[in-house]
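For reference, the structure is listed below as structure tokens.
What follows draws every value from the coordinates through simple rules; no lab data is involved. The structure displayed is predicted, hence computed values, not measured ones. Neighbour counts run over all protein chains shown; Cβ positions are idealised from the backbone, glycine included.
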Amino acid sequence: MSRLVVASIGPASSVQDGGRHGAQRYGLTVSGAMDRLSLAAANTLVGNEPFAAAIEIGPFGASFTARDGAVRVAISGAPRNADIAGSPVAMDSSVTLKDGQTLTLGFARGGAFTYLAIEGAIKGEQVFGSLAVNARAGLGSPYPRPLQAGDEFTVDAASGAEELRIELPKPATGPIRVLLGPQDDEFDDANKALFLDSGWKISATSDRMGYRLEGPAIKHLHGHNIVSDGTVNGSIQVPGNGAPIALMMDRGTSGGYPKIATVITADIGRLAQTSAGTAFRFKAVSMAEAQDEARKFAQTIRSLPDRLRSSDTVTLNIEALSDANVAGYAVSAVDSGTWQVTAEP
Amino acid sequence: MAATLPPPRLLPSGDSAVTVEFSRTIDDDANQRVLALDKALAAAPIDGITETVPTYRSLLIHYDPGKIGFDALGEKILPIATRPLPPVTKARRWRVPVAYGGEHGIDLEDVAKTLGTTPDDIVIRHSGGDYKVAMIGFTPGWSYLSGLDKFLHMSRRQSPRLLTPSGTISIGGIQAGIQCLAAPSGWHLLGRTPVRTYQLHRNPTFLTEPGDRVTFYAIDHKTFEDMDRAAEAGEIVAEQVDA
């Protein structure tokens, strides 16, 4: 066994996985990674199950040192500068830290959360099938709290497997898509339009429990108290002051404010990765579109192993080549499913 | 054949959950229908449902849209949700010890003053109630109880407290509660129980279930200390009796 030691780390960094399911009826929140696709990508790079436990690193920098042997890791999510002793490490790729080497990650250059997956995954004691940290409930393993410098993980010694990179689908852009409801009838048409047509920013006081939205005040039709009912990841509730809050992974399992809309599954990670202060909009979609996107999102996660590439291959941007009308017959020669070619030897 | 009940509203909670809403208000009949639907779905699971969360007035059903769509799920749920309620079966009843007043119930005297009576009267009325766990939510084990004596109905505090102790026994509006973990709360604190409705390494981890009956009885502060130590060591300390 090797050890991975947290040499330095900022706030809002913790062990997260696919979350804790089955006990919301007892008030136990799901928790888990804020950006599940990036968690799955990092895990896939080191051969783990997509939702295995990994380190969710908040917007600040962090560094990790291998001890008692080599440790193989991978990073995906919010882009940042990363290096080992000055030699750069690419996002969406795996790398092996030799005994004593330190991987240093800078501030997130966009987005908020970067995932560091460790080959063999983080080990600990599961509660309701999860190691995810839920600090409020004292849950999470091996540390039931955000990470601190000096924390360490006992991990598998690096396998020596070939280093890989992962070719992720082009991130969606445009408005964050929502389904109206469950309590959109607590708002009149003018206020629903105000919600959908205004620009929003995420407040700096946001956290894993909820993202507070800055924009116009949304008014309720019948006041802001409803009888508490269940919440989901992405519920957008509107409290008395009219400033909506998008409930995130550490949300309370029930809430007593009207919920005007719900972020679709495929876009929750995008919302999670929207930096504080960045302007964005919402767009209402139909149930059919939202469920279709949810199925595609699940399919993308299932397809991640097919997106792995040897780290010494070169990517050609086929679309750009096509646009420039220079690719010609070469397009048919590459893997049509993935648009990748391997560098000439 | 018995007539069916009026259909609940099926409210989309995103693409992977539906809120089956029986009432907009706190209503014991609606809560019975919530718990009956929850029970029926547990007894005869529908493929694609991943988790159910009962609340006062609605059942939140999480599902996998890769296995079943919104409309198809609704078509399966409605006939079950409109079935006449089954006869009331025997529920579990928990007798929960409470140290009222003093440091454990800092609002007891104020509540008595506001309602124009004595702290002893508040204790008699609160511990004399016959409660039902209507839902569990907010934080692990927080049991929301229906059945609070009408005399004790009073609005919540103007400004919620940022932290209230573990085991807090409180009232708010028309509800009573057993709180497990320390948490923010705007309710009035009457006392504390040594009972842990949620304890990680105990079997069962969660003591109460929606539908359970609850009664309270007063204990002195010395007994609280003894029971609290036993509870910390993993004893349940609430007494279970058949309703």
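Could you give the distance between the Cα centres of the range B:74-107 and the range A:84-146, to the whole Å?
41 Å
Whole Å is fine, so just give me how far the alpha carbon centre of the range A:1-32 lies from that of the range B:116-186.
31 Å
So for the range A:94-221, taking the charge dipole from beta-carbon charges (+1 Lys/Arg, -1 Asp/Glu), which of A:GLY120, A:LEU180, A:LEU147 sits furthest toward the positive end?
A:LEU147
Restricting to chain A, compute how many DSSP beta bridges are antiparallel as a %, nearest 5.
95 percent
Under DSSP H, which helices of chain B have Cα atoms covering 20 Å or more of the helix axis and a Kyte-Doolittle average no less than 0.0?
none
Add +1 for every Lys or Arg and -1 for every Asp or Glu among the other residues with Cβ under 14 Å from the Cβ of A:VAL6, and state the total.
So the surrounding residues net to 0.
Got the relative contact order for chain B handy, in percent, Cα pairs under 8 Å and 6 or more residues apart?
That works out to 20 percent.
Mean separation of Cα pairs under 8 Å and 6+ residues apart, divided by the residue count of the range A:166-237: what relative contact order is that in percent?
Rounded, it is 26 percent for the range A:166-237.
Counting other beta carbons within 10 Å of each Cβ, put A:SER2, B:SER155 in order, fewest first.
Least crowded to most crowded, the residues run B:SER155, A:SER2.
Amide H neighbours of B:LEU5 under 5 Å, counting only residues 5+ apart in sequence or on other chains, H built in-plane at 1.01 Å?
B:ARG83
Hey, can you rank B:205-212, A:216-223 by average C-beta count inside 10 Å, highest first? Before the final figure, lay out each step's value.
Values: B:205-212: 20.9, A:216-223: 14.4.
Taking the mean over residues of other Cβ atoms within 10 Å, the ranking is B:205-212, A:216-223.
Can you give me the C-alpha center-to-center distance between the range A:228-285 and the range B:1-43, rounded to a whole angstrom?
Comparing the Cα centres of the range A:228-285 and the range B:1-43, I get a distance of 24 Å.
Count neighbours as other Cβ atoms within 10 Å of each site's Cβ, and list the GluC sites (Glu not before Pro) in the range B:189-243 that are DSSP loop with at most 16 such neighbours.
B:GLU235
Contact order normalised by length for the range A:79-219, with contacts defined as Cα pairs under 8 Å and 6 or more residues apart; what percent is it?
Contact order relative to length: 16 percent.
Connecting C-alpha atoms closer than 10 Å in a GNM of chain B, tell me which of B:HIS153, B:HIS104, B:HIS188 has the biggest fluctuation.
Per the Cα network of chain B with a 10 Å cutoff, B:HIS153 tops the list.
When you look at the Cβ of every residue in A:221-234, what mean number of other chain Cβ atoms sits within 10 Å? Working shown, then result.
Values: counts 0, 1, 0, 0, 2, 3, 14, 11, 16, 15, 8, 10, 4, 5.
Average neighbour count from other chains, rounded to a whole number: 6.
Under 20 Å Cα-Cα from A:LYS98, which aspartates and glutamates qualify once same-chain neighbours fewer than 8 residues away are excluded?
Partners within reach: A:ASP68, A:ASP83, A:GLU119, A:ASP151, A:GLU152, A:ASP156, A:GLU162, A:GLU163, A:ASP312.
List, in the order given, every pair from B:LYS90/B:LYS150; A:LYS259/B:LYS76; A:LYS123/B:LYS76; A:LYS170/A:LYS201; A:LYS219/B:LYS39 whose Cα-Cα distance in the structure shown is over 29 Å.
A:LYS123/B:LYS76; A:LYS219/B:LYS39
Read phi for every residue in the range A:261-275 and hand back ³J(HN,Hα) as whole Hz from Karplus 6.51 cos²θ - 1.76 cosθ + 1.60, θ = phi - 60°, with x for Gly and Pro.
Rounded to whole hertz, the list is 7, 9, 5, 5, 3, 5, 10, 5, x, 5, 4, 4, 8, 8, 5.
Per DSSP H run of at least 4 residues, take -39500 (n - 2.57); add these up for the protein assembly as shown, divide by its residues and hand me the 222 nm value, nearest 500 deg cm²/dmol. Present the calculation step by step, with values, prior to reporting the outcome.
Working: 11 runs with 110 residues, N = 588.
Value at 222 nm, helices only: -5500 deg cm²/dmol.
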